[in-house]
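The values are calculated or read from the model by the stated rules, or taken from the named source; none is laboratory data. Since we're looking at a predicted model, the values are computed, not measured. Every residue, glycine as well, gets a Cβ built from its backbone with ideal geometry; the counts of neighbours run over all protein chains shown. With ligands, DNA and RNA removed, areas are computed over all heavy atoms of the protein, side chains included. Shrake-Rupley method; radii C 1.70, N 1.55, O 1.52, S 1.80 Å.
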Amino acid sequence: MCKQTVASGKSVSRRTMLLKSASIAAGAVVLTAPAVGSALAQTKVSHEQAKYQDSPKNGQKCSTCIHFQPPSSCQMVADPISPDGWCQFYGAKTG
Ligand code: SF4
């Protein structure tokens, strides 16, 4: 097995070092995910920026969009929105 000497002078296997690195990386993702969600919630775009309208467009409407949050919110666009509205960030729900 391949052993390496770390700053403490201990001999550590490459496998152990990789596992520790992966744990640290996973922890960083868990710690930052809520912060990212919070940042996104605070940076919703205005109706004007999203080209939002209160009516459907070509059969697309907020209530069938992946960003829609009932009863009248959106992950992307400032509140309030209508379930029958539409904007340029529309993304169809699947399934
Ligand atoms: S169409 Fe636009 S405003 Fe409506 S839910 Fe989707 S992203 Fe939000």
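I'd like the full set of residues that are in a loop (DSSP other than H, G, I, E, B) and among the small types (Gly, Ala, Ser), limited to segment 75-92.
If the condition is that a residue be in a loop (DSSP other than H, G, I, E, B) and among the small types (Gly, Ala, Ser), then 78, 82, 85, 91 are the ones that fit.
Okay, residues lined up against (1) within 16 Å of the ligand (Cβ to nearest atom); (2) modelled with pLDDT of 55 or more; (3) surrounded by 12 or more Cβ atoms within 10 Å (Cβ to Cβ); (4) among the β-branched types (Val, Ile, Thr):
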{"residue": "10", "(1), (2), (3), (4)": "no, yes, no, no"}
{"residue": "27", "(1), (2), (3), (4)": "no, no, no, no"}
{"residue": "38", "(1), (2), (3), (4)": "no, yes, no, no"}
{"residue": "44", "(1), (2), (3), (4)": "yes, yes, yes, no"}
{"residue": "68", "(1), (2), (3), (4)": "yes, yes, yes, no"}
{"residue": "76", "(1), (2), (3), (4)": "yes, yes, yes, no"}
{"residue": "84", "(1), (2), (3), (4)": "yes, yes, yes, no"}
{"residue": "93", "(1), (2), (3), (4)": "yes, yes, no, no"}
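Would you mind stating whether residue 56 is without any contact (Cβ under 8 Å) to a residue 24 or more places away in the chain and open to solvent by 40 Å² or more (accessible area, probe 1.4 Å)?
Considered against the rule, which asks whether it is without any contact (Cβ under 8 Å) to a residue 24 or more places away in the chain and open to solvent by 40 Å² or more (accessible area, probe 1.4 Å), residue 56 comes out as no.
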